[in-house]
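First the structure, in the form of structure tokens, and then the observations on it.
The values are calculated or read from the model by the stated rules, or taken from the named source; none is laboratory data. Here the structure is a predicted model, which is why all the values come from computation and not from measurement. Cβ placement follows ideal geometry from the backbone for every residue including glycine, while neighbour counts extend to all protein chains displayed. Calculation scope for accessible area: heavy atoms of the full protein, side chains included, ligands and nucleic acids excluded. Shrake-Rupley method; radii C 1.70, N 1.55, O 1.52, S 1.80 Å.
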Amino acid sequence: MDASEQARRLSALYDEVLGGGRVPGAPRPLVAASWERSLAAAVDPELDAPPVIVDPEVLEAIRENHPLRAVLPVLRQTLTTIADEASHIMIITDAQGMILWREGASDVKRQADRIALSEGAVWSEDQIGTNGMGTSLAVGEPVQIHSAEHLVRRIHDWTCAAAPVHDPDTGKVIGAVDVSGPLRTVHPAMVALVTAAAQLAEGQLRVRMAAADERLRARNMRHLMALDGAPGALLTPSGRVLAVQPLEWLPDRLVVPDGADRIDLGDGREGLIEQLDEGYLLRMPGTPVRRSRPSLRLKLLGAGQPIAVVGGREIALTLRRAEVLALLLLHPSGLTAEQLMLQLYGDEGNPTTVRAEMHRLRTLLGGGVLDTKPYRIIADVTGDVTDVQAALRNGDLDAALDLYAGPLLARSDAPALRAERDELDATVRRAVLDADDPDVLWRFAQTSTGAEDLEIFEALDTGLPPDDPRRPAVAARLDRLIS
């Protein structure tokens, strides 16, 4: 049966079923159950468009923090070209059915706009009735909805296939991948295509989760080691067990209520829970804890105030103190007073000035953070600049851009830091340009480094779709940079 004949039969079935008539046959069980849910939610089959459409600023905030943002490149690579060729559009939603991203053929997007099949609209079953993405989210599996299988009559000219995407950490559905197009473009392979795309996205998320787990272990294993071999475990923020010291039995995941200091281990035992900067430490009652080294986090990127966080205590840094700590962070084996002097002042410095500053800095940060002979950081230290460098080395550009707030100590004239700053900016910029991804370019363009970069905005001008809402801003900035 061709698509047109199938659509006619479905339309006749639709009119009879919703009109209360008796007809031979019935909708597919999947569709019948979806109609029942949609009608129970008071969805009007004569509805024009989904009633919930969020403000663009709200949409951008949701997109910025959504986990599927990190896998947009793989979804584009898998779906967009095929969608273009088949006169379809690719759609990505969140778990509530809100359309976060939409890409594909321009003429199809214009048709989609007439039914608010566009970014910011909520296409859940309880808002717009039976549809590919909404029904896929409702049942938690891939679906294809064709023509009059949609509950709302105005969508009968469309066909769509969608598959849910699951969080590899919690297993919960975090969104859906959908391919939609005009009725004439129906293709049986679309379900397999969106299913493969969703699986690829989940695979990418799993790789990112493994990298995040490794970072969490590296930064927090000291807390488990401080138990001196006594039973305990290191947990992720979601309660997943990452590392264990001898416990008779422990599930793979524990439920950690907000603010809890004790949790049920599931077998009658009770554990003590301690919140860390990242995740939790689980230990048994009565376990002695050996004092561990203090933690130090340095925030040195961007135009804002440099910050040191010592054991959870936030300390604003003067430029000179931030410069000293930046150099010690970048030289973990340590620097002498003379080496620090050269890197801060060049040949015009004085080691005595450096020693006086180090004395004041040690007093400010407290004991166990800085050592002498040579000067070095002995706390468990992390920093935004070194995290960006590590992400770039690992090829994780998305994580690097999450952390890259701008140049390293932009106001610093210290010779060594100028060189480090220029190298980091150039490395991030090159990775962004090589990615050839408009969303990556746009993210970099929002930093103080990218905002004045003509080549970045020329690449955006070339790469953004003609109807992308960011085009006017790009054109205005190009005019300013060129003039």
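In table form, for the structure just shown:
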{"quantity": "Cα-based helix-to-principal-axis angle, 415-435 vs the chain, degrees rounded to 10", "calculated": "20"}
{"quantity": "Ser238 accessible area, 1.4 Å probe, all protein chains in place, Å² to nearest 10", "calculated": "40"}
{"quantity": "Backbone N within segment 382-412 under 18 Å of label point (7 Å from Leu319 Cα along the Cβ vector)", "calculated": "406-412"}
{"quantity": "Sites matching trypsin sites (Lys or Arg not before Pro) across segment 140-231 that sit in DSSP coil, with at most 13 neighbouring C-beta atoms within 10 Å", "calculated": "Lys172"}
{"quantity": "Heavy-atom surface of the chain, accessible at 1.4 Å and reported per residue (Å²)", "calculated": "47"}
{"quantity": "Cα→Cβ-extended label distance, 7 Å offset, between Asp347 and Asp107, nm", "calculated": "7.1"}
{"quantity": "Lys, Arg +1 and Asp, Glu -1 on Cβ, resulting dipole of the chain about Cα centre, debye, nearest 20", "calculated": "1440"}
{"quantity": "Percent accessible area from carbon and sulfur atoms, the chain, protein chains only, probe 1.4 Å", "calculated": "51"}
{"quantity": "Extent along principal axes [Cα atoms of the chain; Å; largest to smallest]", "calculated": "94, 72, 31"}
{"quantity": "Neighbourhood net charge (13 Å Cβ-Cβ; Lys/Arg +1, Asp/Glu -1) for Ile62", "calculated": "-4"}
